[in-house]
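Worksheet: the structure to be examined is printed underneath.
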Amino acid sequence: MKDATRVIRAGLPKVAQGRAFLTGPTFAGPYHLSGDPESSAFQYGRSGNPTWLAYEQAIAELESGESTVVFSSGLAAVAAVLGVTLKSGDILAMPSDAYYGARKLASGFFSTLGVEVRMAPTSGTDLRDHLRNAKLLWLESPSNPQLNVCDIAFLANAAHEAGALVAVDNSTPTCLGQQPLMLGADFSVSSDSKATTGHSDLILGHVSARDSSWAGKLRAWRTEFGSVPGPMEVWLAHRSLATLDVRLRRQCANALEIATFLVSHPEVREVRYPGLPNDPSYPIASRQMKLYGPIVSFELANRGLAEEFLKRCELVFEASSFGGVHTIAERRARWGGDQIAEGFVRMSAGCEDVRDIIADLRQALDAAHS
């Protein structure tokens, strides 16, 4: 079955006369529960919900994994993987250019618990050199926001030979653009607030596992730490999956055209997009990705020029996220935490007519420079 069909059919209930295609959300705290609690699939709203289950089944199908667990946010999903795999004295290897929130969580909270965190850049082979006695290798490819790419299959094989588990933050390409579990990872982690749901209207995350034995541990973590999603958010996410193939293909096509335009503009430097044939990430990305994602990054000369450019944009929203149907951009250095230039701009291509977006970018760049 092709991806465009799979995203529409994933997780739907069996066809039944008079039944909705996708059953509406279940809003429940307690459930009717007599006698032995284990006799019921659902006991209390913090431990389970049929709306969660339907979405988890859908994502597991798309991830080609054994099981999926949904969480209240992408960072909650990150915390769950770190929490169920690491204990005091364990070693975590992760990219120094991975998502700042994940790095901060690892080097902050988990470090105080006694976890040793080793960091090296996504690109190159330094991460492999940090695998000695490691319990978990954390990867993010492409990295956010610099869009560096690593060879997931190569590093997963090296990690497993060293006795380490492998988790991949797959938020940027989504499960349609890249399949970490098929490349050898043990966990595929995603902020579903981004392109997976794509409408900039909810916060959600998930973890898919290659081995279903991890599902129980992840669900126990979710229950005990209370990182549970709202049923309305999960239902909206499931509904949004149906358009993922249409949205993401349009976004990726737009991103490539935007990147090509930016390369040609005299005021723009250091354009990065894994789908550009001359991008440093392209040789590996073209082997392991089906779609290159919606994010384009580039640099302008300085902070002032970047801020003026963003102010001059009329169609491009200034906001901090990516993967939605609206084209957005921000001067990423305003948050701190990343080794990037003050004029570094992260842009997420939306689903608009790309000719309108490029015209807006052109006029904003020209006006900012004048």
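Table for the structure above
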| item | result |
| --- | --- |
| Any pair with Cβ under 7 angstrom, 6 or more apart, that starts in the range 260-274 at a residue that is of a type in the set (Asp, Glu) and ends at one that is part of a strand (DSSP E or B) | 270/298; 270/299 |
| Lone qualifier among 248, 204 - being surrounded by 24 or more Cβ atoms within 10 Å (Cβ to Cβ), out of contact with any Leu (no Cβ under 8 Å at 6 or more places or on another chain) and either farther than 20 Å from residue 81 by Cα or of a type outside the set (Ser, Thr, Tyr) (or both) | 204 |
| Residues within the range 175-228 that are more than 30 Å from residue 292 (Cβ to Cβ), of a type in the set (A, V, I, L, M) and part of a loop (DSSP other than H, G, I, E, B), tallied | 1 |
| Condition broken by residue 306, with the remaining ones in (1) surrounded by fewer than 20 Cβ atoms within 10 Å (Cβ to Cβ); (2) under 25 Å from residue 99 (Cα atoms); (3) over 24 Å from the mean Cα position of the chain (by Cα) satisfied | (1) |
| Cross-chain or 6+ apart pairs with Cβ under 8 Å, the range 307-321 first and outside the structural domain of residue 346 (by TED's automatic domain parsing), then in a helix (DSSP H, G or I) and modelled with pLDDT of 95 or more | none |
| Residues of the range 85-106 that turn out to be within 23 Å of residue 194 (Cβ to Cβ) and surrounded by fewer than 19 Cβ atoms within 10 Å (Cβ to Cβ), as a count | 5 |
| Number of the condition not met by residue 278 [criteria: (1) in a loop (DSSP other than H, G, I, E, B); (2) within 16 Å of residue 361 (Cα to Cα); (3) free of Cβ contacts under 8 Å to residues at least 40 places away in the same chain] | (2) |
| Complete set of residues in the range 29-68 that are among the hydrophobic types (A, V, I, L, M, F, W, C), free of Cβ contacts under 8 Å to residues at least 40 places away in the same chain and under 13 Å from residue 230 (Cα atoms) | 53 |
| Failed condition for residue 120, given (1) modelled with pLDDT of 95 or more; (2) in contact with a helix residue (DSSP H, G or I) (Cβ under 7 Å, 6 or more places away or on another chain); (3) surrounded by fewer than 23 Cβ atoms within 10 Å (Cβ to Cβ) | (1) |
| Within the range 1-56, considering residues that are among the charged types (D, E, K, R) and surrounded by 10 or more Cβ atoms within 10 Å (Cβ to Cβ), the one nearest to residue 239 (Cα to Cα) | 9 |
| Residue 64 vs. criteria more than 18 Å from the chain's Cα centre (by Cα), under 30 Å from residue 236 (Cβ atoms) and hydroxyl-bearing (Ser, Thr, Tyr) | no |
| Number of the exception - residue 329 against (1) surrounded by fewer than 19 Cβ atoms within 10 Å (Cβ to Cβ); (2) over 23 Å from residue 179 (Cβ atoms); (3) not aromatic (Phe, Trp, Tyr) | (1) |
| Residue within the range 286-296 that is assigned to a helix (DSSP H, G or I) and of a type outside the set (S, T, N, Q) present | yes |
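The values are calculated or read from the model by the stated rules, or taken from the named source; none is laboratory data. Values in this document were obtained by computation on a predicted structure and should not be read as measured data. Ideal geometry is used to build each Cβ from the backbone, glycine not excepted, and the neighbour counts take in all protein chains shown.
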